[in-house]
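Engineer: Just passing along the structure, written as structure tokens.
The values are calculated or read from the model by the stated rules, or taken from the named source; none is laboratory data. Since the structure is predicted, the reported quantities are computational estimates derived from the model, not experimental observations. For neighbour counting, all protein chains shown are included, and Cβ atoms are generated from backbone atoms with ideal geometry for every residue, glycine included. Surface accessibility is based on the protein's heavy atoms, side chains included, excluding ligands, DNA and RNA. Shrake-Rupley method; radii C 1.70, N 1.55, O 1.52, S 1.80 Å.
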Amino acid sequence: MDFVRVSRIVEQTKVEGPGLRYVIWVQGCPIRCEGCFNPHTWDMDGGKIYALEDLFQDIRSTLERAPELEGVTFLGGEPFSQAEALSRLAGRIRRELDLSVVTFSGYPYEHIKKAEDAGWQRLLGETDLLIDGPYIKSQHDLSRPWVGSRNQQYRFLTERYKHLEKQLPKIPNKLEIRLHPDGTITANGMAQTADIELLLRLGYGRKEANA
Ligand code: SF4
């Protein structure tokens, strides 16, 4: 496929993986965890369709505007539901732009590794850091960066972020809030439930969180 079904894009954020990142929330998730922060990303037919070439060019132009951009993050929704297309985008991002790739998945790593699906294996092969496992409400824990429950794990699949393994406990989970010219506010990253409820009570935008 030459396209990806997308829920949302944030071109520059520092709260969805290491460093400054271009982030794509893909649309469509069959896992449907209880307590998911992003149920609006579940519908496999929702969101908006983007051509791979358009996404690549937008990432390239973001890098030109922000040379400190260090990578792209795929989250969702479930990135492995669109693995073939995302693997092709990831390959170009890594080889032509020298950017890193972080992929979130609600599937456990063991399940992904064993999957007999060439697209899944290609996306795994193009991922520097995989953060895997579904959100489990009873294991809710925001003490580690970028994740929402204790079962979720960091898989350093290449050398690119191996140095972070020991630093993880020192990296805080953060929420990034944007005020837009039309007066709306959107947020992404991980927040305490009270913070999210406060934002929703104030009627501001919507929160996007990680797998
Ligand atoms: S937490 Fe992630 S994997 Fe679970 S339902 Fe939500 S989007 Fe899907």
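Engineer: Could you tell me whether segment 148-166 includes any residue that is acidic (Asp, Glu), in a strand (DSSP E or B) and under 16 Å from Gly19 (Cα atoms)?
Structural biologist: The answer is no; no qualifying residue exists.
Engineer: Can you name every residue in segment 97-123 that is touching a helix residue (DSSP H, G or I) at 6+ places or on another chain (Cβ under 9 Å), free of Cβ contacts under 8 Å to residues at least 40 places away in the same chain and either in a helix (DSSP H, G or I) or closer than 14 Å to Phe156 by Cβ (or both)?
Structural biologist: Scanning segment 97-123 gives Leu97, Val101, Thr103, Ile112, Lys113, Ala118, Gly119, Gln121, Arg122.
Engineer: Please verify whether Lys166 is modelled with pLDDT under 95 and surrounded by fewer than 18 Cβ atoms within 10 Å (Cβ to Cβ), treating the condition exactly as stated.
Structural biologist: Yes, satisfied.
Engineer: While we're on this one: Test each condition in (1) aliphatic (A, V, I, L, M); (2) farther than 18 Å from Gly76 by Cβ; (3) modelled with pLDDT under 95 for Ala118 and report the one that comes out false.
Structural biologist: The failed condition is (3).
Engineer: Against the conditions (1) surrounded by 19 or more Cβ atoms within 10 Å (Cβ to Cβ); (2) modelled with pLDDT of 95 or more, where does Glu159 fall short? Just the number, please.
Structural biologist: Here Glu159 clears every test but (1).
Engineer: For segment 1-44, enumerate the residues that are among the aliphatic types (A, V, I, L, M) and either surrounded by fewer than 19 Cβ atoms within 10 Å (Cβ to Cβ) or modelled with pLDDT of 95 or more (or both).
Structural biologist: Across segment 1-44, the qualifying residues are Met1, Val4, Val6, Ile9, Val10, Leu20, Val23, Ile24, Val26, Ile31, Met44.
Engineer: Right, something else. Please indicate, with yes or no, whether at least one residue in segment 80-87 is over 15 Å from the mean Cα position of the chain (by Cα) and away from the ligand (no atom under 16 Å from the Cβ).
Structural biologist: Yes - at least one qualifying residue is present in segment 80-87.
Engineer: Does segment 136-153 contain at least one residue that is in contact with a Phe, Trp or Tyr (Cβ under 7 Å, 6 or more places away or on another chain), open to solvent by 40 Å² or more (accessible area, probe 1.4 Å), farther than 19 Å from Ile112 by Cβ and at pLDDT 95 or above?
Structural biologist: No, segment 136-153 contains no residue that is in contact with a Phe, Trp or Tyr (Cβ under 7 Å, 6 or more places away or on another chain), open to solvent by 40 Å² or more (accessible area, probe 1.4 Å), farther than 19 Å from Ile112 by Cβ and at pLDDT 95 or above.
Engineer: Further question: Looking at (1) touching a helix residue (DSSP H, G or I) at 6+ places or on another chain (Cβ under 6 Å); (2) free of Cβ contacts under 8 Å to residues at least 40 places away in the same chain, which is the only condition Gly28 fails?
Structural biologist: Here Gly28 meets the rest and fails (2).
Engineer: Of the residues Pro67, Pro30, Pro18, only one is touching a Phe, Trp or Tyr at 6+ places or on another chain (Cβ under 9 Å), assigned to a loop (DSSP other than H, G, I, E, B) and away from the ligand (no atom under 15 Å from the Cβ); which? If you could, list the steps in order and put the result at the bottom.
Structural biologist: Values: Pro67 fails: touching a Phe, Trp or Tyr at 6+ places or on another chain (Cβ under 9 Å); Pro30 fails: away from the ligand (no atom under 15 Å from the Cβ).
None of the others qualify; the one that does is Pro18.
Engineer: For segment 36-59, check the following and say yes or no: at least one residue is within 14 Å of the ligand (Cβ to nearest atom), touching a Leu at 6+ places or on another chain (Cβ under 6 Å) and in contact (Cβ under 8 Å) with a residue 12 or more places away in the chain.
Structural biologist: Checked segment 36-59: no residue is within 14 Å of the ligand (Cβ to nearest atom), touching a Leu at 6+ places or on another chain (Cβ under 6 Å) and in contact (Cβ under 8 Å) with a residue 12 or more places away in the chain.
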